[in-house]
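Take a look at the structure set out below.
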Amino acid sequence: MIPLVRFKLAAYARSHRLLQPVIALFAMMVVFYSSPIPAGKELSSYGDSAGLLILVFAWAARSLLDTEPPTQRLISMTAAGRPGREVGAGLLAALAVNLGLTAIAVALPLVHGFTALPTPGDLLRGLGLHLLGLSVGTALGALTSKPIMPSPAVSLLVLFGGYLAMLLLSLTPVGGFTVPIMPWMRAANTGGLDAALLPLTAATLFWASAGMTLYARLRRTRP
Amino acid sequence: MRLSEVCFRYSRRDPWVLRDVELALRPGSVVEVTGCNGAGKSTLLRLLAGIVPPSRGSIFGQPRTVGYAPDVFPVNQPFTAMAYLTHLAGIRDVSPTRIGELAGRLDAAPLLDRQLGDLSKGSAQKVGLIQSLLARPDLLILDEPFAGLDAHTRGELPAIIGEIAAAGGTVVVSDHQNQLDTFPGAEHWLVGGGTVAVEAGERPRQAVIEVLVDADRADEVEQRLQADGYTTRRTARWTA
């Protein structure tokens with residue numbers, strides 16, 4: 001499966017579509033860190049960044065999965081031996097791209113943005129929150145990719161609308177049971193993250209894996 | 001490999017493309033699939049290739065190594081032909097030296113350094129054929145492979161198909177142009193009306209003749225022709 005992941009990443013990088021989410025990421029970074037983050041507020045800032053970058057992660061996953069022409073997916077399915085491997089390789093390639101974006105999002109404020117370096121613990125917590133955002137974003141991007149939603153208008157509406165719905169639902173009292181974006185932002189802001197980390201991670205990963213499983217399931221009849 | 005009561009439709013709201021298809025594929029056989037546009041040939045090939053599962057029914061004994069060449073090769077990819085085929089050889093876990101061998105055979109060596117997007121239809125078709133042959137397939141599926149090919153490759157392809165069949169592989173070719181009409185031992189499948197009709201062995205050549213008779217004698221002549229084993233069809237009831 002790794003050679004197929006490499007093939008997809010090579011096609012994505014050469015198609016210059018990678019520039020779209022990278023530019024969006026840098027635009028968001030400029031907004032986040034236009035004024036310096038005071039010392040002690042690093043984790044709070046990481047929490048916001050992880051919640052808002054879900055949109056960029058989703059866009060990157062969707063654009064990676066949409067790079068290949070539909071017929072190439074059929075060729076890749078037979079070359080890989082099973083259709084499921086093509087679907088899995090697509091998700092892995094999307095996760096790899098988003099890991100790269102996460103690395104930028106976590107490292108950039110260390111160079112420019114934070115007035116003081118965060119403690120190693122806060123750096124790890126910040127990275128962890130971004131990984132949660134990455135998993136949700138990748139699932140949302142996959143579910144709005146072309147094989148599932150052939151119309152670009154519908155797909156973009158569902159991508160942005162889906163993100164907004166997740167954000168709003170997580171504000172409600174049942175927020176802990178949905179993708180808990182607002183709860184993790186709040187916990188990172190008030191210093192209660194360590195206590196809430198386990199349920200937040202469990203809920204987020206549950207929804208992310210549910211989304212990816214649904215994607216893989218739908219792709220069975222939508223090659 | 002066997003298809004049992006296979007039905008297929010793309011979604012629950014769509015009409016059936018194929019219904020209750022029963023087919024058997026022997027190792028070493030060559031099958032030519034014909035049918036009108038939109039009859040479901042490509043869908044049948046995708047089912048055989050294992051790309052889509054049947055909506056109902058089952059497919060047994062699907063081979064391990066499947067080669068698939070689509071009817072239109074997707075040229076819209078940012079690779080040279082060589083870089084593309086090297087990636088595909090990696091995915092199939094075969095040595096890239098196969099690329100050179102196959103390119104030589106299909107007269108495609110000069111194409112390898114060109115960008116996929118710059119290839120003509122026939123040249124792109126050759127890249128599609130090469131990738132399908134990188135690993136010796138147990139099942140080779142070619143969707144309209146002859147379209148746009150030059151005379152040399154059109155002549156070479158049946159030889160390659162014969163070699164794969166001789167080695168015990170199964171080859172299924174959808175072919176509008178009946179290039180395999182004279183291929184020895186080829187089976188013919190006709191896809192239409194949601195079903196697949198199997199014509200074993202050489203396809204009988206048929207012709208249509210019209211017979212003009214007095215309307216009063218139509219029944220008598222028709223019965224006599226049917227008694228002789230001919231299929232008759234009334235085209236017009238009365239002529240002035």
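The values are calculated or read from the model by the stated rules, or taken from the named source; none is laboratory data. Just so it is clear, the structure is predicted and the values come from calculations on it, not from any experiment. Neighbour counts are summed over all protein chains in view; Cβ atoms, including those assigned to glycine, are modelled from backbone coordinates with ideal geometry.
Before moving on, here are some points about what is shown:
A quick yes/no check of all residues on (1) part of a loop (DSSP other than H, G, I, E, B); (2) modelled with pLDDT of 90 or more; (3) over 23 Å from B:Asp175 (Cα atoms); (4) not hydroxyl-bearing (Ser, Thr, Tyr):
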{"site": "B:Glu5", "(1), (2), (3), (4)": "no, yes, yes, yes"}
{"site": "B:Arg19", "(1), (2), (3), (4)": "no, yes, no, yes"}
{"site": "B:Ala39", "(1), (2), (3), (4)": "yes, no, no, yes"}
{"site": "B:Ser42", "(1), (2), (3), (4)": "no, yes, no, no"}
{"site": "B:Leu47", "(1), (2), (3), (4)": "no, yes, no, yes"}
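- When segment B:56-68 is filtered for residues that are under 22 Å from B:Phe8 (Cβ atoms) and at the interface with another protein chain (Cβ under 8 Å from one of its Cβ atoms), the ones remaining, listed by number, are B:Val66, B:Gly67, B:Tyr68.
- Answer residue from segment B:77-102, given it is over 16 Å from A:Ala13 (Cβ atoms) and assigned to a loop (DSSP other than H, G, I, E, B) and is nearest to the other protein chains (Cβ to nearest Cβ) among those: B:Asp93
- Scanning segment A:11-36 for residues that are surrounded by fewer than 17 Cβ atoms within 10 Å (Cβ to Cβ), within 14 Å of another protein chain (Cβ to nearest Cβ) and part of a helix (DSSP H, G or I) gives A:Ala13, A:Arg14, A:Leu19.
- When B:Leu140 is tested against (1) surrounded by fewer than 22 Cβ atoms within 10 Å (Cβ to Cβ); (2) within 21 Å of the chain's Cα centre (by Cα); (3) over 17 Å from A:Gln72 (Cβ atoms), only condition (1) is not met.
- The single condition from (1) away from every other protein chain (no Cβ under 14 Å); (2) touching a residue at least 24 places away in the same chain (Cβ under 8 Å); (3) over 17 Å from the mean Cα position of the chain (by Cα) that B:Asp118 fails is (2).
- Members of segment B:60-76 that are surrounded by fewer than 18 Cβ atoms within 10 Å (Cβ to Cβ) and either of a type in the set (Lys, Arg) or assigned to a strand (DSSP E or B) (or both): B:Phe60, B:Arg64
- Set side by side, the residues A:Ala93, A:Ala50, A:Ala60, A:Ala79 differ, and just one is farther than 30 Å from A:Gly121 by Cβ, more than 9 Å from every other protein chain (Cβ to nearest Cβ), assigned to a helix (DSSP H, G or I) and in contact with a helix residue (DSSP H, G or I) (Cβ under 8 Å, 6 or more places away or on another chain), which is A:Ala93.
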